[in-house]
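The values are calculated or read from the model by the stated rules, or taken from the named source; none is laboratory data. This structure is a prediction, so every number in the text was calculated from the model and none was measured. Reconstructed Cβ throughout: ideal geometry from the backbone, glycine too, with neighbour counts over all protein chains shown.
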Amino acid sequence: MNSSSSHTNSSSNEDAASDQGRELSGRRSHRAPNWMRDYVSGEGLSEEDEAYNVQDADIEDPLTFEKASQMNKWKLAMDSEIDSIQKNHTWTLTNLPSGSKKIGVKWICKTKRNENGEITKHKARLVAK
């Protein structure tokens, strides 16, 4: 058997396998996994429901401290987080030993909503980077 005939045989075997795969894929049925059975996509909503779902879509949570600190609602949320950190003795400020790296922090701001989509709370969390 020379190398050209083995190459031809393997090539035709690959073609047959790919044809068979296409044939099988046409007969397979696809269904959603069990964990997605109660998923609702929002397709087919009435115009009123659609408008309700997007009424606050243009309101975005701030991504930076600079933006959050310009709005009173986020200042209050950040103050509440600092109060909670101090009350729970979450961490203590100390002098940084020489040669050590400091831990950076950032603010995460999220608007919390109830099941009707109404804003219930502006929540700010101070997290380590």
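For the criterion of being modelled with pLDDT of 75 or more, of a type in the set (Lys, Arg), part of a helix (DSSP H, G or I) and more than 22 Å from Lys129 (Cα to Cα), Lys67 fails. Considering the conditions (1) at pLDDT 65 or above; (2) closer than 21 Å to Thr120 by Cα, Asn53 is excluded by exactly one of them, (1).
Ser80 - would you say it is closer than 28 Å to Glu60 by Cβ and hydroxyl-bearing (Ser, Thr, Tyr)? Against the criterion (closer than 28 Å to Glu60 by Cβ and hydroxyl-bearing (Ser, Thr, Tyr)), Ser80 qualifies. When the range 104-123 is limited to residues that are in contact (Cβ under 8 Å) with a residue 24 or more places away in the chain, of a type outside the set (Lys, Arg) and assigned to a strand (DSSP E or B), the one that is farthest from Ile85 (Cα to Cα) turns out to be Ile119. Show the residue pairs meeting these rules: Cβ distance below 7 Å; 6+ apart or different chains; first residue within the range 81-101 and free of Cβ contacts under 8 Å to residues at least 24 places away in the same chain; second residue exposed (fewer than 11 other Cβ atoms within 10 Å of the Cβ). Pairs that qualify, where the first residue is free of Cβ contacts under 8 Å to residues at least 24 places away in the same chain and the partner is exposed (fewer than 11 other Cβ atoms within 10 Å of the Cβ), are Leu96/Lys102. Residue count for the range 59-75 under the criterion of being surrounded by 12 or more Cβ atoms within 10 Å (Cβ to Cβ) and either farther than 16 Å from Arg125 by Cβ or aliphatic (A, V, I, L, M) (or both): the result is 3.
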